[in-house]
Amino acid sequence: LRDAPPGSGSRCVATISTGEAYGVDIVVCATGVAPATQWLPECFERDADGGLLVDDLMRTSVDGVYAAGDACSCARWARLREEGCHWFQWRLWSQAQALGAYCGRVMAGASDEMALGFNFDLFTHVTEFLGLRVV
């Protein structure tokens, strides 16, 4: 992070790990959200970060048990990858909320393999921090 050149329209320049530099007005450092699943039995298959692996209907490796939100990992959503979807699980509150709602519909039999009604931030996440838009 360094001062931006005068007249650039930004306060600072942030250089990311790839070497690319971006003009910024504010930098927010976040540690992310880690799945808190260590209390569950070892019979659940987990992703490298500890999230419970789920299929595209939110089913875990244990019959009859579903997971959603920050506790799950959607790494097995093969259907999305096959369709060329560039969806990435960010573990943001909006995705956690949408995954929970979708999981509830699946468990109630109100959703199908096409995930009709499953809507969330596909292309970007926009929120506000200190009154500024964060994308």
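Here the label points at residue 36 and residue 4, each 7 Å from Cα along the C-beta direction, are separated by 3.8 nm in the simple model.
Taking all protein chains together, 72, 43, 12 sort by accessible area into 43, 12, 72, largest first [probe 1.4 Å]. Accessible area ranking (1.4 Å probe, heavy atoms, ligands and nucleic acids excluded), largest first, for 77, 90: 90, 77. Residues 54, 106, sorted by accessible area with the largest first, give 106, 54 [1.4 Å probe; ligands and nucleic acids excluded]. Extension gain, residue 15 to residue 75, is 18.7 nm, computed as 0.36 nm per intervening residue step minus the present C-alpha separation.
With each label modelled as a point 7 angstrom along the Cα→C-beta vector, the residue 26-residue 44 pair spans 3.4 nm.
The values are calculated or read from the model by the stated rules, or taken from the named source; none is laboratory data. None of these values were measured; they are calculated from a predicted model. For neighbour counting, all protein chains shown are included, and Cβ atoms are generated from backbone atoms with ideal geometry for every residue, glycine included. The area values use the complete protein model at the heavy-atom level, side chains included, leaving out ligands, DNA and RNA. Shrake-Rupley method; radii C 1.70, N 1.55, O 1.52, S 1.80 Å.
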